[in-house]
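Shown next, in structure tokens, is the structure this report addresses.
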Amino acid sequence: MTRTEAAAMLDADSPEPLWRQAADLIRHQIASGKLAAGSRIPAERDLLARLSISRVTLRRALQSLVEDGVLTASHGRGWYVSADAPKEFPNTLESFSETAARLGLTPSSDVLRAAAAPATLDEAEDLGVAPGARLFHLDRIRRLDGVPVAVDTSFFAAQLAPDLDGVDFSTASLFRLLLEAGIDLARAETTIEAQEADAALAGHLEIEPGKPVLVLRQLIVDAAGRPLLSSTIRYAGDRYRLRTAFSRSRAAPPARGAKPEG
């Protein structure tokens, strides 16, 4: 990361504070492998020169990364990348394989189920199909560099991609196959909640039963809003972080002379 590159990535006019932008830049360096686990990040004086920010701003950025488990601080020695720094997933719709590639990691899956079956009443309601319609079910343990991070259970109408019997889903990307079949995966309606891992899930994720997991339920629809793919992904709570952003819509100013209600 040169000074020119860093300066180009920090935007003083952005609504996101500079300390957050600096933290994200360092986080990206870690995720891309430019800063390896256990390594010491550049000295503060070097970061100050590269980022062109104040020491107070830099310290806030670094401390936020410590609180997130990304960095550790060693008094008198500097700041180090945590050996178990959690990986960050974006708030864009991308496949597990695409996320892994962006992070410089190797994805793989243990296939628990890959078979067609009639739709139950709940599944039919999710996808807007008739009960008993043929659905393809795909259940996998998802791994990054061999470490289990999630259990993904998905289903969709089998007619969307009828030639999946010979596919090796330990390495194949379901998203890629559907996109190559001309399926329009436009957006995902998503809910997230925390749960405790039961014995079966804990075994798949190699964690203790009762440990927290984040449950992400997605209904992926096409541009017209038609449901295509339903998935429930259960992430190990200490191996997953979802970053998103919220903005406040700007209400029109009251008419001149009007009095605010309430």
Checklist line | residue 154 outside any loop (DSSP other than H, G, I, E, B) and closer than 14 Å to residue 230 by Cα | finding: yes
Notebook entry, point to check: Across region 87-112, what is the number of residues that are modelled with pLDDT of 90 or more and surrounded by fewer than 13 Cβ atoms within 10 Å (Cβ to Cβ)?
Noted result: 0
Note to self: Yes or no: region 167-190 includes at least one residue that is exposed (fewer than 10 other Cβ atoms within 10 Å of the Cβ) and either modelled with pLDDT of 90 or more or closer than 25 Å to residue 127 by Cα (or both).
What the structure shows: yes
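For the structure I just gave you, tell me whether residue 109 is under 17 Å from residue 206 (Cβ atoms) and among the hydroxyl-bearing types (Ser, Thr, Tyr).
yes
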Check: Could you list, in sequence order, the residues of region 143-153 that are modelled with pLDDT of 95 or more and either farther than 20 Å from residue 185 by Cβ or surrounded by 19 or more Cβ atoms within 10 Å (Cβ to Cβ) (or both)?
Finding: 151, 152
Note to self: Contact list please: Cβ distance under 6 Å, first residue in region 162-176 and assigned by TED's automatic domain parsing to the domain that holds residue 115 and within 14 Å of residue 137 (Cα to Cα), second residue among the β-branched types (Val, Ile, Thr) and modelled with pLDDT of 90 or more, pairs at least six apart or on different chains.
What the structure shows: 169/111
Note to self: Going through 163, 139, 122 one at a time, which residue ends up being farther than 30 Å from residue 35 by Cα and at pLDDT below 85?
What the structure shows: 163
Notebook entry, point to check: Looking at region 191-239, which of its residues are surrounded by 17 or more Cβ atoms within 10 Å (Cβ to Cβ) and of a type in the set (S, T, N, Q)?
Noted result: 218, 230, 231
Note to self: Against the conditions (1) among the basic types (Lys, Arg); (2) out of contact with any Lys or Arg (no Cβ under 7 Å at 6 or more places or on another chain); (3) outside any loop (DSSP other than H, G, I, E, B), where does residue 34 fall short? Just the number, please.
What the structure shows: (3)
Notebook entry, point to check: Does residue 133 satisfy being of a type outside the set (D, E, K, R), touching a Lys or Arg at 6+ places or on another chain (Cβ under 7 Å) and at pLDDT 90 or above?
Noted result: no
Notebook entry, point to check: So which of 159, 195, 218 is without any contact (Cβ under 8 Å) to a residue 40 or more places away in the chain and closer than 19 Å to residue 98 by Cβ?
Noted result: 218
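The values are calculated or read from the model by the stated rules, or taken from the named source; none is laboratory data. All figures in this text were calculated on a predicted structure; none of them were measured in a lab. Quick reminder, even Gly has a Cβ in these numbers, built from the backbone with ideal geometry, and neighbours come from all protein chains shown.
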